[in-house]
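Here, each number is a calculation from the coordinates, and none is a lab measurement. These numbers come from a predicted model, not from an experiment.
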């Protein structure tokens, strides 16, 4: 487990990694911190997605999942929870369009949030933390620390 030495190193603390909310105007600061630590910094825009299938497909495309990715919740969890999916000390995934997705896919949004949180939780035991950040407040999602 990596422990952050100061507030600028919060990304290294795998115990704090998880699913968070952060307004898009603060994403650049997070990106600078991610690049400083050699993390992969990837974005997905789900604002044009009208179905769960579209959203899962877009996540796979935007995050460069392997060819076997089946664009379903189980495959999403499998890909995100794999610490070797992208070779880097960690990953930060930014997902925009959450507010419009909430209107489009309804209850499946809760399932998506659960899968994202579960993947980040599974990665806490690895040396490669997974930070997932969404652009809209959601029930049970806290603001991103230190960003």
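General observations
- Residue separation of residue 107 and residue 74 scaled by 0.36 nm, minus their Cα-Cα distance, works out to 10.2 nm of gained length.
- Global geometry of the stretch 72-115, whether rounded, prolate or oblate, following the gyration tensor of its Cα atoms and the 1.5 cut on a/c: oblate
- Relative contact order, whole percent, for the stretch 16-147 stands at 41, derived from Cα pairs under 8 Å and 6 or more residues apart.
- Calculated diffusion of the stretch 19-136, Stokes-Einstein form, Kirkwood radius summed over Cα pairs, 20 °C and 1.002 mPa s, µm²/s: 151
- Residue among 55, 67, 17 with the largest mean-square fluctuation in a Gaussian network model of the chain, springs linking Cα atoms under 10 Å: 67
- Full extension of the segment from residue 87 to residue 15, taken as 0.36 nm per residue of separation minus the current Cα-Cα distance, would add 24.0 nm.
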